[in-house]
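Every number in this text was worked out from the coordinates using simple rules, so none of it is lab data. Computed from a prediction, not measured in an experiment: that's the story for all the values here. We place every Cβ from the backbone using ideal geometry, glycine too, and count neighbours over all the protein chains shown.
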Amino acid sequence: MSDIVRFENVTKIYERGIVALRDASFAVSKGEMVFLTGPSGAGKTTIMRLIFAEIKPDYGRIFVAGEDITNIKRHQIPYLRRHIGVVFQDFRLLNDRTVAENLDIVLIILGFNARERKKRLLDILSRVGLAHRTNSYPRQLSGGEQQRVAIARALATDPMILLADEPTGNLDPDTSWDIMQNLRQINARGTTMIIATHNYEIVRKIEARVMHIVDGVLVGEKEFSESLKSALFEKR
Amino acid sequence: MGFGASRGGSISAVLISALAILLMGIFLTISFNIFKIVEEAQSEVQMEVFLEDDADYNKVEVSIARVNGVMDMFYVSKEQAEEEFRRAFKEDRGLLDVLDKNYFPASFRLKIDYGYRSSKGMAEIAKSISEIDGVEDVEYAKVWLERLERVAKILRTTGIITGVVFSVVAMVIIAGAIKLSIYARKKKIAIMMLVGASNSFIRSPFLIEGALIGIVGGLFACGAIYAIIFLVNKYTIIHPTSPPLEYMLALIGFSFLIGVISAQISVSSFLREDG
Ligand SMILES: Nc1ncnc2c1ncn2[C@@H]1O[C@H](COP(=O)(O)OP(=O)(O)O)[C@@H](O)[C@H]1O
Ligand SMILES: [Mg+2]
């Protein structure tokens, strides 16, 4: 089984009966790069949160790296999360800590000693092209650089999967493109990548599988171009 | 992990929990001193068994010796009793002149076993002995003993209530401070959970913080208690002794426990509502 993420008929219902995901089935193979598109409120973030077990499905089953995480126990969640890196639109960096310190927190959690941490830190930062900014504070960095720090932090656990939830949502087109290129490089080195995005420009330019979701329903890839048009139309 | 972000909350928690522990400690000191008086008084508890004039005191002695709780006894003859009386009232000539013959009964003075030095134990012994042939009367400080016991009981009850109340106050305050401290690091905790930090990893700095608040509060309180005892000895007519060091260490240990438990409560409730 080379599926690294598999959803089987997954339904997620939030409070007040909001159905965020309806009977969704899909699989992502190891090393794959997948775009998750769809209008705001479609259920993209919900899929991400289900994968790293921040929420549990109401129906169906979810497998990550062959493990059934549908009813994962609380104490097992940390171990699952060490295999999954997560990047958000709003970076979520600690603004009173330097770049190095932001990453160090993760390495400390993983139990590395001071020397290993230093070595890994530079290695990870160079993968996002920020080895020269270790002692800067997030506020001293551009949005794109902050997002790179967030990506570096997500890579610090050496995850099998990287989930990026609208990673370029706060960035200008050029910076967005750079970030996407960076994510693609990381994917090329073997990290499975699921990227939720609104940026159809990028989706069109980068060759990757696209999963489109509308109102909690995954739309088949055949219908995708149709719904893409309507989504673009909706945005105007 | 630094504790900088909400130091104000922690400092006031230290002070308030120190105050709570101090009040507990003061109460402990007062109780300790009163209990000491009670204990001293109890160690002097005696029982006197008066004999009928024609009693065979050897037989009575054997019977008394059989009663549980009697540790030791010695005989006071009629002559010795009168002699004692005369010595005690030697200034009061008028009273002594009235004594035309020896009205004083012979008696046994009993030493009572430690476990029987309560009003209940004493009453039991008194009852058994009064049934012995040749015993006229049994006397001991019944009323006084009961009063002593009532004081001890009140002290114990208030002690428990005070302890519970101040423990709860200290716990609420420390839990509040830890909560503040947690909320100051909410974002950091969220990130740590996201990258796979275990609950115990997230929890431990806060438990340490709670423990420190407890220990420092306890130390402050103990220092203050010693200072207060010193000042009371120096400037007032009462002379309390400080409770033994074990008591103080126990107080600090208790304070430490309160700190850890409060922190545990705070962190658990946070992790539960968040995950
Ligand atoms: N915690 C929540 N409680 C209730 N409803 C939620 C919650 N999170 C998301 N939703 C709802 O679920 C639907 C899907 O949301 P989401 O997965 O965030 O969409 P997307 O990321 O595609 O914008 C939306 O209707 C949203 O309002
Ligand atoms: Mg979203």
Report task. Please identify which residues in segment A:22-59 have an amide N closer than 18 Å to a label point set 7 Å out from the Cα of A:Arg74, following the Cα→Cβ vector. Result -> A:53-57
Report summary line: Taking r as the C-beta separation of B:Lys90 and B:Asp133 and R0 as 35 Å, the FRET efficiency to the nearest 0.05 is 0.45
Query raised in the report: Mean shadow of segment B:71-201, computed from the convex hull of its alpha carbons, in nm²?
Result: 16.5 nm²
Query raised in the report: Any idea how many Lys pairs in segment A:1-93 come in under 21 angstrom at the alpha carbon, given 8 or more places apart or on separate chains?
Result: 6
Query raised in the report: Between A:Glu201 and A:Arg92, what length in nm is gained on full extension when 0.36 nm per residue of separation is reduced by their alpha carbon distance?
Result: 36.7 nm
Report summary line: Nearest 10, in degrees from 0 to 90: the angle of helix A:173-188 to the longest Cα principal axis of chain A is 90 degrees
Query raised in the report: By how many degrees, 0 to 90 and rounded to 10, does the Cα axis of helix B:57-66 deviate from the longest principal axis of chain B?
Result: 20 degrees
Report summary line: Around B:Asp137 (Cβ within 13 Å, Cβ-to-Cβ, excluding B:Asp137; K/R +1, D/E -1) the net charge comes to -4
Query raised in the report: Can you list the lysines whose alpha carbon sits under 22 Å from that of B:Lys111, skipping same-chain ones fewer than 8 residues off?
Result: B:Lys36, B:Lys59, B:Lys78, B:Lys120, B:Lys127, B:Lys142
Report summary line: Amide H contacts under 5 Å for A:Tyr59, restricted to residues at least 5 apart in sequence or on another chain and with H modeled in the peptide plane, are A:Thr11
Query raised in the report: Roughly speaking, what % of Cα-Cα pairs in the protein assembly as shown are separated by over 33 Å, rounded to a whole number?
Result: 62 percent
Report summary line: Under Stokes-Einstein, chain A at 10 °C and 1.306 mPa s, with its Kirkwood radius over C-alpha pairs, diffuses with a coefficient in µm²/s of 86 µm²/s
**Report entry** Euclidean distance of C-alpha centroids, segment B:140-204 and segment B:219-275, integer Å
**Finding:** 11 Å
**Report entry** Order of A:Tyr79, A:Tyr137 under a 10 Å beta carbon neighbour criterion, fewest first
**Finding:** A:Tyr79, A:Tyr137
Query raised in the report: Given that compact globular proteins tend to follow 2.2 N^0.38 Å, what is the ratio of the alpha-carbon Rg of segment B:138-248 to that value?
Result: 1.72
Requested in this report: Name the long-range amide H neighbours of B:Ala106: under 5 Å, sequence gap of 5 or more, or other chain; modelled H, no Pro or chain starts.
Outcome: B:Leu51, B:Lys78
**Report entry** Bins of 10 Å from zero: percent of alpha-carbon pairs in chain B
**Finding:** 6, 20, 18, 15, 13, 11, 8, 6, 3, 1, 0
Report task. With everything on Cα atoms, drop me the angle between helix B:119-130 and the longest principal axis of chain B, reported from 0 to 90° to the nearest 10. Result -> 20 degrees
Query raised in the report: For segment B:8-44 and segment A:107-170, what is the separation of their C-alpha centers, rounded to whole Å?
Result: 53 Å
**Report entry** Rg in Å to one decimal, and Dmax rounded to a whole Å, for segment B:46-140 via C-alpha atoms
**Finding:** 14.6, 43
